[in-house]
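The block underneath contains the structure these notes are about, expressed in structure tokens.
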């Protein structure tokens, strides 16, 4: 899998900020990430995975969504849950971004 330096750095910043802030944020209080958020735009985040630009994000495959990503910090049945890629802002379970990593 080929990852650009920019994607790696953005992902690293998300993980580092999560570690720095800790995981004490309550899921119910966390803000939802907007598609217009700079990090969301850099990672190609969409609230609905079916709306991903498949030509631009060739890594995307049908069936990939935040709910089955290793970074998703909720249950797959949760509609929204925190994600460290977005400083623990909530992402949609049916969403997708280029940091997607299939849950083991």
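The values are calculated or read from the model by the stated rules, or taken from the named source; none is laboratory data. Keep in mind the model is a prediction, meaning the values are calculated, not measured. Don't worry about glycine lacking a Cβ; one is built from the backbone with ideal geometry, like all the others, and counts go over all protein chains shown.
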*Search the range 86-104 for residues being touching a helix residue (DSSP H, G or I) at 6+ places or on another chain (Cβ under 8 Å) and more than 21 Å from residue 62 (Cα to Cα), and hand back the single one that is surrounded by the fewest Cβ atoms within 10 Å (Cβ to Cβ).*
87
_All but one of (1) under 15 Å from residue 10 (Cα atoms); (2) without any contact (Cβ under 8 Å) to a residue 40 or more places away in the chain hold for residue 76; state the number of the condition that does not hold._
(1)
*Just wondering, is there one or more residues in the range 18-35 that are more than 18 Å from residue 75 (Cα to Cα), surrounded by fewer than 17 Cβ atoms within 10 Å (Cβ to Cβ) and at pLDDT 95 or above?*
yes
*asked:* Could you go through the range 63-72 and let me know if any residue there is at positive phi and either surrounded by fewer than 21 Cβ atoms within 10 Å (Cβ to Cβ) or assigned to a loop (DSSP other than H, G, I, E, B) (or both).
replied: yes
*Which one of these does residue 41 not meet: (1) farther than 14 Å from residue 91 by Cα; (2) at pLDDT 95 or above?*
(1)
*Just for the range 75-85: of the residues that are modelled with pLDDT of 95 or more and farther than 18 Å from residue 36 by Cβ, which one is surrounded by the fewest Cβ atoms within 10 Å (Cβ to Cβ)?*
79
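When you scan the range 88-104, how many residues do you find that are within 17 Å of residue 37 (Cα to Cα) and modelled with pLDDT of 95 or more?
Residues in the range 88-104 being within 17 Å of residue 37 (Cα to Cα) and modelled with pLDDT of 95 or more: 9 in total.
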